[in-house]
Amino acid sequence: MSEKKMTSSRRHHLKSLVLSIAKGILEKECAQVKVDKENYMSENCPPLSLPGSTQELQELCKKLHQQIDKVDEERYDLEAKVAKSNKEIEDLKIKVVDLQGKFKKPALKKVRMSADAMLQALLGSKHKVSMDLRANLKQVKKEVKEESAEQVGDWRKNIEDKAGMDGRKKMFESEA
């Protein structure tokens, strides 16, 4: 059975519902990001109190420069780690592709080759191997049938002997 198609008004209504739900989720996520940022800043960056004298301002600047240098070193170390990890990931992806063997195999054409040509292709031109299949066959001597001389006689007599059940019985007894 085929399913009924949705009317355009129903589809529009469902689409607007989905969009309104998505908008609410995005707003919640944005609010959560702001809260997280404020919490992080309050934990790691205390409020700045500007001293009145120039000597204290210079000390504050030196302290801030040291903190900046420390953060830059950490950032550089983390970037180096990320770059190294990305390189390892790329190498592993290449290994996976190699292990899966996703290379296309070419379509092979049928080639008529003799056994000698096939062996020469496999072993190379250095090895001269001739494969004469007939040399490995056994020699069989042909036996001359004695019955053939008997059958040359009168063919009518032969048919009369084999006719009927008696003839069949004689035929099986003579073979066995």
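The fraction of Cα-Cα pairs per 10 angstrom bin, counted from 0 for the stretch 27-96, comes to 16, 22, 27, 23, 9, 3, 0 percent, rounded to whole percents. Multiplying the residue separation of Gln66 and His13 by 0.36 nm and subtracting their alpha-carbon distance yields 13.3 nm. Heavy-atom accessible surface of Asp72, to the nearest 10 Å², is about 70 Å², with a 1.4 Å probe and all protein chains retained. Modelled spin-label separation between Gln139 and Lys93, with each label point placed 7 Å from Cα along the Cα-to-Cβ direction: 7.1 nm.
Taking other residues whose beta carbon is less than 14 angstrom from the beta carbon of Glu56, and scoring Lys, Arg as +1 and Asp, Glu as -1, yields +1. Number of Lys-Lys pairs in the stretch 1-49 with C-alpha atoms under 17 Å apart and a separation of 8 or more places or on different chains: 4. Qualifying chymotrypsin sites (Phe, Trp or Tyr not before Pro) in the stretch 14-118, where qualification requires a DSSP coil assignment and no more than 16 other C-beta atoms within 10 Å, comprise Phe103.
The values are calculated or read from the model by the stated rules, or taken from the named source; none is laboratory data. Everything quoted here is computed from the prediction, not taken from an experiment. Glycine gets a Cβ as well: all are built from the backbone with ideal geometry, and neighbour counts include every protein chain shown. We work out accessible area using only protein heavy atoms, side chains counted, and drop any ligands, DNA or RNA first. Shrake-Rupley method; radii C 1.70, N 1.55, O 1.52, S 1.80 Å.
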